[in-house]
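Following this message is one structure expressed as C-alpha cells.
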Amino acid sequence: MSVTARRLSLQLEGQTLEYLLSFGRRKTLGLRIDAQGLRVGAPLGTPLTRIEDFLRQHGRWIFEKLAAQAARPQPAAALALVEGATIPYLGQDWTLHLLGGNNQGLWRDEARSIELRLRPGADPRPVLLRSFQRRALAHFSGRVAHFCARLGVPLPPVGLTNARTRWGSCSSRSGIRLHWRLAHLAPALIDYVVAHEVAHLLEMNHSPRFWSVVESVYPDFKAARAALRGAGAGLPLI
C-alpha cells in the first residue's frame, strides 16, 4: 500500500518528464503508464537520486509508451444530439437535423447536413451511430483499396472496430479493422492510419522495412503520426 505520493518532474532526453512518485511496501522500483501519465512506485526510503537514475535508464521506453498512450482514442463527453448540433466528419463540421421518419439517417453532401428521420420517442443516438459507421466504412474501404493498389497487394476484408487502445489493426485472418471514430478526422490523418495498416500486409511488424513501406505510399508519415497522437482528445462521443 502506498503511504505517500507526490508529483515531480525531471529533465530527460531534452524533455520535461512529469511523473507521480509513490512510496510503499514493495521491494523494487516499478513504472506504470496510463491515461494519467507516468506513475513510479518505489520502496520506502529509496533516495530520489536512485529513482532518477532508474528513470534515465528507461527513458526511451518511457517516452515510447507515453507517445503510444497519447495516440490512443481518448474518451470524451457524450455529444448532445439536438437540432443544429455539429458533428465532425472528414475534418469538417456537419449540421444535425432531427425530423420525423422511420429511424434512418440521410446525408446531404451539398448542405453538409445529416438528417435523422426518427419515429416518435425514438432515441437518436443509435440511429446516428449506425448511419455514421456505415458512412465511415464506405470511406475506409475506398482508401484501403487505394493503398492496396499502390502496394500491389490483394484487397483484404475491411471492417470497423471500437477498440479502446488503437486506431486500427491488421490480421491475416480478419483483414483490416479501423476505428469508426477515425471518420471524424481530416482525410490526411485517416490516410496515414490506412496506409499504416495496409503496409502490415507486407510487413507484420514495425521494423525499418515496415516504415520504408509506409513511407513509399505516405511520405509525410512522421508528421501525421505526431498529429494523430493528440487528435482523439477533442473528438465527440456519439
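May I ask you to verify whether LEU44 is touching a Gly at 6+ places or on another chain (Cβ under 8 Å) and either among the aliphatic types (A, V, I, L, M) or surrounded by fewer than 15 Cβ atoms within 10 Å (Cβ to Cβ) (or both)? Walk me through how you get there before you give the answer.
Values: touching a Gly at 6+ places or on another chain (Cβ under 8 Å): yes; either among the aliphatic types (A, V, I, L, M) or surrounded by fewer than 15 Cβ atoms within 10 Å (Cβ to Cβ) (or both): yes.
Spelling it out, LEU44 is indeed touching a Gly at 6+ places or on another chain (Cβ under 8 Å) and either among the aliphatic types (A, V, I, L, M) or surrounded by fewer than 15 Cβ atoms within 10 Å (Cβ to Cβ) (or both).
Do we have any residue at all in the range 106-123 that's modelled with pLDDT under 95, part of a loop (DSSP other than H, G, I, E, B) and in contact with a Lys or Arg (Cβ under 8 Å, 6 or more places away or on another chain)?
Taking every residue of the range 106-123 in turn, none turns out to be modelled with pLDDT under 95, part of a loop (DSSP other than H, G, I, E, B) and in contact with a Lys or Arg (Cβ under 8 Å, 6 or more places away or on another chain).
If you don't mind, there's one more thing I want to ask. Name, by its number, the condition in (1) modelled with pLDDT under 95; (2) open to solvent by 50 Å² or more (accessible area, probe 1.4 Å); (3) assigned to a helix (DSSP H, G or I) that does not hold for ARG143.
Here ARG143 clears every test but (1).
Among the residues of the range 175-230, which ones are open to solvent by 20 Å² or more (accessible area, probe 1.4 Å) and hydrophobic (A, V, I, L, M, F, W, C)?
Across the range 175-230, the qualifying residues are ALA186, ALA188, LEU189, LEU201, LEU202, MET204, TRP211, VAL213, ALA223, ALA226, ALA227.
Those residues that are more than 12 Å from the chain's Cα centre (by Cα) and of a type in the set (Gly, Ala, Ser), I need them from the range 220-235; list them, please.
Initial filter on the range 220-235 (more than 12 Å from the chain's Cα centre (by Cα)): 220-224.
Residues satisfying the conditions are ALA223, ALA224.
The rows are residues; the columns are (1) open to solvent by less than 70 Å² (accessible area, probe 1.4 Å); (2) within 23 Å of ALA226 (Cα to Cα).
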{"position": "GLU18", "(1), (2)": "no, yes"}
{"position": "PHE23", "(1), (2)": "yes, no"}
{"position": "LEU29", "(1), (2)": "yes, no"}
{"position": "ILE33", "(1), (2)": "yes, yes"}
{"position": "GLY59", "(1), (2)": "yes, yes"}
{"position": "ALA67", "(1), (2)": "yes, yes"}
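Quick grid of which residues meet (1) over 30 Å from ILE33 (Cα atoms); (2) at pLDDT 95 or above:
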site: ALA163; (1), (2): no, no
site: ILE190; (1), (2): no, yes
site: ALA199; (1), (2): no, yes
site: PRO208; (1), (2): no, no
site: SER216; (1), (2): yes, yes
site: ARG229; (1), (2): no, no
site: GLY232; (1), (2): no, no
site: ILE238; (1), (2): no, no
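Can you pull out every residue in the range 22-33 that is under 18 Å from SER9 (Cβ atoms) and either of a type in the set (Asp, Glu) or not in a loop (DSSP other than H, G, I, E, B) (or both)?
Selection gives SER22, PHE23, LEU31, ARG32, ILE33.
Another question, then. So which residues in the range 158-180 are farther than 16 Å from ASP191 by Cα and either more than 21 Å from the chain's Cα centre (by Cα) or in a helix (DSSP H, G or I) (or both)? If you could, list the steps in order and put the result at the bottom.
So in the range 158-180, the residues farther than 16 Å from ASP191 by Cα come out as 161-165, 171-175.
If the condition is that a residue be farther than 16 Å from ASP191 by Cα and either more than 21 Å from the chain's Cα centre (by Cα) or in a helix (DSSP H, G or I) (or both), then SER172, ARG173 are the ones that fit.
OK, next. When only residues in the range 5-16 that are open to solvent by 70 Å² or more (accessible area, probe 1.4 Å) and modelled with pLDDT under 90 count, which is farthest from ALA67 (Cα to Cα)?
ARG6
Does any residue in the range 39-65 that is free of Cβ contacts under 8 Å to residues at least 40 places away in the same chain and outside any helix (DSSP H, G or I) come within less than 9 Å, Cβ to Cβ, of a residue that is open to solvent by 60 Å² or more (accessible area, probe 1.4 Å) and among the hydroxyl-bearing types (Ser, Thr, Tyr) six or more places away or on a different chain, and which pairs are these?
GLY41/SER2; GLY41/THR28; ALA42/THR28; PRO43/THR28
Now, a different point. Report yes if ALA149 is part of a helix (DSSP H, G or I), of a type in the set (Gly, Ala, Ser), modelled with pLDDT of 95 or more and surrounded by fewer than 17 Cβ atoms within 10 Å (Cβ to Cβ), otherwise no.
Working: part of a helix (DSSP H, G or I): yes; of a type in the set (Gly, Ala, Ser): yes; modelled with pLDDT of 95 or more: yes; surrounded by fewer than 17 Cβ atoms within 10 Å (Cβ to Cβ): yes.
Criteria met by ALA149.
Do we have any residue at all in the range 226-236 that's charged (D, E, K, R) and either in contact (Cβ under 8 Å) with a residue 60 or more places away in the chain or not in a helix (DSSP H, G or I) (or both)?
Going through the range 226-236, the residues charged (D, E, K, R) turn out to be 229.
Still in the running and either in contact (Cβ under 8 Å) with a residue 60 or more places away in the chain or not in a helix (DSSP H, G or I) (or both): 229.
Scanning the range 226-236, I find at least one residue that is charged (D, E, K, R) and either in contact (Cβ under 8 Å) with a residue 60 or more places away in the chain or not in a helix (DSSP H, G or I) (or both), so the answer is yes.
Identify all residues within the range 87-98 that are open to solvent by less than 70 Å² (accessible area, probe 1.4 Å) and not in a loop (DSSP other than H, G, I, E, B); write none if there are none. Give the steps one after another, and end with the answer.
Our first condition is that a residue be open to solvent by less than 70 Å² (accessible area, probe 1.4 Å); within the range 87-98, this holds for 87-91, 94-98.
Listed by number, the residues that qualify are ILE87, PRO88, TYR89, TRP94, THR95, LEU96, HIS97, LEU98.
Taking the condition of being free of Cβ contacts under 8 Å to residues at least 12 places away in the same chain and not in a loop (DSSP other than H, G, I, E, B), how many residues in the range 197-210 meet it?
Just the residues of the range 197-210 that are free of Cβ contacts under 8 Å to residues at least 12 places away in the same chain, to begin with: 203, 205-210.
From what is left, the residues that are not in a loop (DSSP other than H, G, I, E, B) are 208-210.
Residues in the range 197-210 being free of Cβ contacts under 8 Å to residues at least 12 places away in the same chain and not in a loop (DSSP other than H, G, I, E, B): 3 in total.
The values are calculated or read from the model by the stated rules, or taken from the named source; none is laboratory data. From a predicted model like this one, the values you see are computed outputs, not experimental measurements. Because the Cβ atoms are built from the backbone with ideal geometry, glycine has one as well, and the counts that use them run over all protein chains shown. Just the protein is used for accessible areas: all its heavy atoms, side chains included, with ligands, DNA and RNA removed. Shrake-Rupley method; radii C 1.70, N 1.55, O 1.52, S 1.80 Å.
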